[in-house]
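The values are calculated or read from the model by the stated rules, or taken from the named source; none is laboratory data. All values derive from a computational prediction rather than experimental measurement. Please note: Cβ atoms are built from the backbone with ideal geometry, for glycine as well, and neighbour counts cover all protein chains shown. Accessible surface areas use protein heavy atoms only, side chains included; no ligands, DNA or RNA. Shrake-Rupley method; radii C 1.70, N 1.55, O 1.52, S 1.80 Å.
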Amino acid sequence: MKATEILNEKPVDSSWITDLIYNRPNKVVTMRLSNGRSFSIPGITRTTFEQWVKAGSKGRYFHDRIKDTYEVSRIK
């Protein structure tokens, strides 16, 4: 399996989130922020990830649909 089939990295247009990386086999998103912090969010489906990437406001999507629904852990 190629790395591109495992990881789906999406730089995003956001003042807060710099990029979202989706580990497909493990269904884990790594969210990197403009302040250098990174967070791991397990259990995200590919559909949810794609909706997040396409959302007009990535930060609003995080606060409305991710933050209180999934376990968000700081990794850096």
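Of all residues in segment 45-66, which are part of a helix (DSSP H, G or I) and closer than 16 Å to N8 by Cα?
R46, T47, T48, F49, E50, Q51, W52, V53, K54
Within segment 33-44, can you find the residues that are assigned to a loop (DSSP other than H, G, I, E, B), surrounded by 11 or more Cβ atoms within 10 Å (Cβ to Cβ) and either of a type outside the set (D, E, K, R) or touching a helix residue (DSSP H, G or I) at 6+ places or on another chain (Cβ under 6 Å) (or both)?
G43, I44
Output the number of residues of segment 49-76 satisfying the condition of being touching a helix residue (DSSP H, G or I) at 6+ places or on another chain (Cβ under 8 Å), closer than 21 Å to G36 by Cβ and open to solvent by 30 Å² or more (accessible area, probe 1.4 Å).
1
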